[in-house]
Amino acid sequence: MRVEAQVETIVNTEPATGEPQPPLTVDSPEAVGAAVAAARRAQPAWAALSFERRRDVLLRFKDELLRSVDEVSDVLVREVGKPRFEAFTTEILTVADLTRFYAQRARKLLADERLPLHLFPHKKSWLRWSPRGVVGVISPWNFPFSIPVGDVVMSLAAGNAVVLKPSELTPRVALKARELFTRAGLPEDLFRVVVGKGPTGAALIDAGVDQVVFTGSVATGRKIAEACGRRLIPCILELGGKDPAIVLDDADLERAARQVVWGAFANSGQVCASVERVYVERSVADRFTERVVELTRSLKQGDPSKESVDVGAMVSPVQLDLVKRHVDEAVAQGARALTGGSPAPGPGRFFPPTVLVEVTQRMTVMREETFGPVLPILAVADTEEAVRLANDSAYGLTAYVFGSRRRAEAVADRLVAGSVIVNDVLFHHGLPESPWGGVKDSGLGRVHGLHGLKDLSMMRHFNTERVALPKPWQYPYGDVWLKRLRRAFAFLLR
Ligand code: NAD
């Protein structure tokens with residue numbers, strides 16, 4: 001009797017309508033292995049190309065992307081429930097800019113680096129940044145284009161091949177990205193996409209990739225670190241956040257309120273660097289909160305395909321339930337929702353932008369990542385209390401400070417986070433030159449920036465001799481050389 005292998009599929013529902021999307025087939029571990037093997041075969045020829053040839057392909061991808069804005073936006077709107085404006089600005093534009101940035105600069109950024117030696121002027125050392133081979137990218141659903149495609153572009157710019165495992169909630173936009181690369185002339189096997197859930201991601205690590213770039217939750221990040229540890233391959237971990245914003249009493253309150261509202265509700269609050277908690281100095285707390293509530297009430301939530309909509313839907317029922325639980329729990333413990341507070345009736349998944357006051361630092365909504373359109377505001381006695389509470393967290397991705405520049409910069413220096421931003425929010429993920437990543441539970445390593453590009457490369461040290469001088473550290477040892485060495489080093493290390 002022949003037993004047919006069962007084909008696993010993924011069926012997601014559209015966030016804004018609840019309508020089921022056509023099923024997608026999950027890649028088996030064998031298919032994942034074949035994708036990695038194909039990428040490995042394709043990589044040496046890509047690595048052997050000059051930076052200029054690689055640049056040309058990446059620039060063609062950028063052009064193809066700019067020609068396909070509507071095509072990519074449509075997928076993002078349907079699959080993620082993201083407003084059209086955000087699909088363009090935070091996903092497409094950022095990738096187009098990052099691609100041009102690295103296509104044009106990879107040669108210079110990855111050029112050999114002289115390493116001046118302080119003791120041996122007759123020798124010459126340099127560092128060389130070579131491709132690692134096949135990079136496995138495992139990505140989340142909240143920025144399903146800009147996060148993985150940024151990693152893909154940088155990996156390719158450094159001479160690697162890539163296999164991407166997108167989130168099971170948003171595989172279509174990753175497949176669209178591959179289509180654009182293929183149209184741009186990238187060899188097909190150099191960038192492969194495998195579809196599936198957690199086990200497909202685990203299979204990707206086990207299939208022999210040379211490095212993993214993971215973006216997702218802390219819980220999964222720990223599993224990735226373990227799996228990479230077993231294989232002794234490097235991993236970059238971009239994990240969750242519970243990012244605080246401090247509003248000082250000398251802040252421009254109108255600007256602070258506008259930024260905080262955007263930072264909390266953009267992408268329906270499903271941003272790792274969202275403003276997830278606010279500490280405002282008591283003397284300005286009422287004025288600031290009133291303005292935040294006014295601005296929040298003026299936001300238009302609804303059909304993300306409409307250009308005038310500010311806040312879209314939530315990606316999954318699980319995420320919607322988590323947000324509801326955080327808000328319900330806070331309210332049961334004494335918090336008050338000044339606007340919003342409970343999900344809108346279905347079938348779409350909408351949670352109205354919610355402002356909570358009378359929260360305490362112990363509430364779940366102030367401690368765990370909510371990842372939804374919820375903004376808890378806590379009035380504090382002074383700057384000391386604000387800094388103490390902002391740092392009282394397991395996370396350390398980003399922190400924000402609003403205030404007069406000099407004072408805000410001094411406070412910024414005391415905040416423990418991978419990025420600390422003064423008088424603005426969120427925009428820094430769009431800066432290709434700045435390293436992105438967290439401290440504490442928010443992750444390890446960096447993407448973007450020179451550090452991110454070098455992390456995608458294998459660093460090798462080379463040393464050669466300009467002049468062949470005698471080597472006092474060789475055999476035979478003998479007391480004459482020892483005496484000379486002791487005299488010489490007594491002088492050199494004086
Ligand atoms: P998640 O951890 O559930 O999943 C992330 C990816 O890992 C998915 O593709 C998933 O299929 C895969 N995965 C799950 N189990 C796996 C396993 N055992 N082995 C290999 N892969 C596995 O996260 P999510 O819900 O998709 O994303 C939300 C989280 O991502 C939030 O915590 C958010 O803060 C974080 N995030 C962080 C950043 C950042 O830059 N620091 C950016 C965006 C999102």
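The values are calculated or read from the model by the stated rules, or taken from the named source; none is laboratory data. Every value quoted in this text rests on a predicted model; they were computed, and no experiment measured them. We place every Cβ from the backbone using ideal geometry, glycine too, and count neighbours over all the protein chains shown. Ligands, DNA and RNA are excluded from the accessible area calculation, which covers all protein heavy atoms including side chains. Shrake-Rupley method; radii C 1.70, N 1.55, O 1.52, S 1.80 Å.
Here are some notes:
- Packing around the peptides 187-197, 243-253, 106-116, taken as the average count of other Cβ atoms within 10 Å per residue, puts them in this order, highest first: 243-253, 187-197, 106-116.
- Computed extension length for ASP252-GLU294: 13.5 nm, one decimal, from 0.36 nm per residue of separation with the Cα-Cα distance subtracted.
- Antiparallel bridges, percent of DSSP beta bridges restricted to the range 244-430 (to nearest 5): 15 percent
- With the helix formula -39500 (n - 2.57) applied to DSSP H stretches of n ≥ 4, the chain reaches a computed 222 nm mean residue ellipticity of -12500 deg cm²/dmol.
- Protection proxy ranking of 255-261, 13-19 - average other beta-carbon atoms within 10 Å, highest first: 255-261, 13-19
- If both residues of a DSSP beta bridge must be in the chain, then about 35% of such bridges are antiparallel.
- Remark: relative contact order (the range 165-235) = 30 percent; criterion is Cα-Cα distance under 8 angstrom and separation of 6 or more residues.
- A straight chain from VAL318 to LEU127 at 0.36 nm per residue would run longer than the Cα-Cα distance by 64.1 nm.
- From phi via Karplus (6.51, -1.76, 1.60), per-residue ³J(HN,Hα) for the range 24-34 in Hz, x at Gly/Pro: 10, 7, 7, 6, 6, x, 5, 5, 5, x, 5
- Share of carbon and sulfur in the accessible heavy-atom surface of the range 145-293 [1.4 Å probe, %]: 50 percent
- When you restrict to C-alpha pairs under 8 Å that are six or more residues apart and normalise by the size of the range 333-398, the relative contact order lands at 26 percent.
- Proximal charge balance of GLU64 [Cβ under 12 Å; K/R count +1, D/E count -1]: +3
- Summing charges over neighbours of ARG367, with a neighbour being any other residue whose Cβ is under 15 Å away from its Cβ, gives -1 when K and R count +1 and D and E count -1.
- Taking a Cβ cut-off of under 14 Å around SER298, the surrounding Lys, Arg, Asp and Glu residues balance to a net charge of 0, with basic ones at +1 and acidic ones at -1.
- Isolated Cys in the chain, by beta carbon distance under 4.7 Å: CYS272
- The mean sequence separation of alpha-carbon pairs under 8 Å and at least six residues apart, normalised by the residue count of the chain, gives a relative contact order of 18 percent.
- Share, in percent, of DSSP beta bridges within the range 9-238 that are antiparallel, nearest 5: 25 percent
- Those aspartates and glutamates that a straight Cα-Cα span of less than 20 Å connects to LYS62, excepting residues fewer than 8 apart in one chain: GLU52, ASP70, GLU71, ASP74, GLU86, GLU91, ASP97, ASP151, GLU179, GLU188, ASP189, GLU433
- Taking the longest Cα principal axis of the chain as reference, the axis of helix 282-297 is set at about 70 degrees.
- Taken per residue, the accessible surface of the chain reaches 46 Å², heavy atoms only and a 1.4 Å probe.
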